[in-house]
1. Any residue in segment A:59-71 that is touching a residue at least 60 places away in the same chain (Cβ under 8 Å), in a helix (DSSP H, G or I) and either more than 14 Å from every other protein chain (Cβ to nearest Cβ) or within 13 Å of the chain's Cα centre (by Cα) (or both)?
2. Are there any helices (runs of 4 or more DSSP H) wholly within segment B:1-113 with 3 or more residues that are at pLDDT 95 or above and in contact with a Gly (Cβ under 7 Å, 6 or more places away or on another chain), and if so which?
3. Restricting segment B:76-112 to residues that are under 15 Å from A:Val73 (Cβ atoms) and among the polar types (S, T, N, Q), which is surrounded by the most Cβ atoms within 10 Å (Cβ to Cβ)?
4. Of everything in segment A:31-58 that's part of a loop (DSSP other than H, G, I, E, B) and under 30 Å from B:Ser183 (Cβ atoms), which residue is nearest to the other protein chains (Cβ to nearest Cβ)?
5. In segment A:1-30, what count of residues is obtained for those that are at the interface with chain B (Cβ under 9 Å from one of its Cβ atoms), without any contact (Cβ under 8 Å) to a residue 12 or more places away in the chain and in a helix (DSSP H, G or I)?
6. Among helices (runs of 4 or more DSSP H) lying entirely in segment B:138-239, which contain 3 or more residues that are in contact (Cβ under 8 Å) with a residue 40 or more places away in the chain?
7. Going by the structure shown, is B:Gly182 touching a Lys or Arg at 6+ places or on another chain (Cβ under 7 Å) and at pLDDT 95 or above?
8. Mind telling me which of the residues A:Val15, A:Val46 ends up being at pLDDT below 95 and crowded, with 16+ Cβ neighbours inside 10 Å?
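The values are calculated or read from the model by the stated rules, or taken from the named source; none is laboratory data. From a predicted model like this one, the values you see are computed outputs, not experimental measurements. Counting neighbours? That spans all protein chains shown, and the Cβs are built from the backbone with ideal geometry, glycine included.
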Amino acid sequence: MAFLARIYVTPRADVLDPQGGAVTHGLHSLGFEEVTDVRIGRYLEVRLAGDDRAAAQTRVTAMCERLLANTVVEDFRFELDALGDDR
Amino acid sequence: MKAAVVVLPGSNCDHDCLHVLRDVLGVDARFVWHKERELPPVDLVVLPGGFSYGDALRAGAIARFAPIMEAVAAHAERGKLVFGICNGFQILTEAGLLPGALLRNRDQHFICQDVRLKVEHTRSALTRTTGGRHVLTMPVAHGEGRYHIDKDGLSRLEGEGQVLFRYLEDDDSVGQTAGINGSLAAIAGIMNARGNVFGMMPHPERAAEPLVGGPAHGGANTDGRLLFEGLLHQAEGAR
């Protein structure tokens with residue numbers, strides 16, 4: 001048994017995201033005028049061993065807080081999928 | 001004063017810092033490799049610029065877990081001096097030894113040029129010898145130098161006089177954000193509340209002797225030397 005954590009790290013709402021701003025402009029130039037905002041973050045897939053979902057949840061949260069996200073400027077969330085033995 | 005310059009994989013200003021400390025100021029300085037777990041008995045630890053661990057994940061994010069960093073934190077805890085320059089500043093914020101964070105420059109590209117810095121006050125070890133010089137010139141060389149901190153954090157920094165340097169605009173004004181990289185409150189350098197841990201994005205070690213400092217103030221620029229001298233005086237005075 002194992003888990004796959006799909007982790008999304010995004011700039012916090014109060015943090016200027018100039019890259020997202022540039023992409024918003026680009027989309028507008030291409031005619032996607034309905035776009036009101038783009039925020040660019042980071043997506044990570046972390047595979048971990050174990051069979052206890054609650055424990056994995058706690059561990060992944062700790063990984064995000066200690067290293068994967070800088071909570072001064074970034075928010076994180078994740079989904080935890082159980083992986084079968086064949087993967 | 002005795003000083004240590006930490007060498008991380010990807011440091012590229014370590015030799016410059018050692019040179020300024022040892023050859024320009026005559027300080028007993030040595031390198032300390034990142035895999036060491038103990039520091040030699042020193043007054044000052046310098047975390048130099050560069051791209052430690054290739055800036056993987058975020059600048060400074062991996063370096064903060066380098067084996068030597070626990071000793072650096074303990075050194076700071078004892079009230080001894082720590083000075084992070086550029087990547088060193090990024091590492092100190094990631095390690096929580098300084099508040100805030102350094103984000104990708106507002107205009108997304110790497111910036112390498114001289115900047116003019118407004119010195120906020122001289123009541124710090126780093127700025128104590130800059131008396132009478134309200135503006136210092138030295139280069140920046142960074143892609144991730146946009147200082148950010150939340151509102152409460154900024155109030156604390158300002159209230160406690162922890163902001164040491166701000167980027168000056170061409171018209172000598174200080175912007176709400178720095179024109180050069182978008183730093184909040186134009187912040188270029190800060191210290192911790194206790195006043196023994198310092199971080200700045202500009203490079204004083206690259207403007208510390210006439211041969212390489214370039215021109216400024218109608219002569220050769222050695223403004224950076226003043227900051228190292230301040231730390232030296234502080235350490236000598238503390239003995």
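1. Just the residues of segment A:59-71 that are touching a residue at least 60 places away in the same chain (Cβ under 8 Å), to begin with: A:68-69.
Next cut, in a helix (DSSP H, G or I) only: A:68.
So of that shortlist, the ones also either more than 14 Å from every other protein chain (Cβ to nearest Cβ) or within 13 Å of the chain's Cα centre (by Cα) (or both) come out as A:68.
Yes, there is a match, as at least one residue in segment A:59-71 is touching a residue at least 60 places away in the same chain (Cβ under 8 Å), in a helix (DSSP H, G or I) and either more than 14 Å from every other protein chain (Cβ to nearest Cβ) or within 13 Å of the chain's Cα centre (by Cα) (or both).
2. Details: elements: B:14-19, B:68-77, B:87-94.
Qualifying helices (runs of 4 or more DSSP H): B:87-94.
3. The qualifying residue surrounded by the most Cβ atoms within 10 Å (Cβ to Cβ) is B:Gln90.
4. Start the filter on segment A:31-58 by keeping residues that are part of a loop (DSSP other than H, G, I, E, B), which leaves A:31-41, A:50-52.
Next cut, under 30 Å from B:Ser183 (Cβ atoms) only: A:35-41.
On the way: A:Val35: 19, A:Thr36: 21, A:Asp37: 17, A:Val38: 14, A:Arg39: 13, A:Ile40: 10, A:Gly41: 12 Å.
Looking at residues that are part of a loop (DSSP other than H, G, I, E, B) and under 30 Å from B:Ser183 (Cβ atoms), I get A:Ile40.
5. 2
6. Values: elements: B:151-159, B:210-213, B:223-237.
Ranges flagged: B:151-159, B:223-237.
7. Values: touching a Lys or Arg at 6+ places or on another chain (Cβ under 7 Å): yes; at pLDDT 95 or above: yes.
So B:Gly182 passes the test.
8. Sole residue among the options that is at pLDDT below 95 and crowded, with 16+ Cβ neighbours inside 10 Å: A:Val15.
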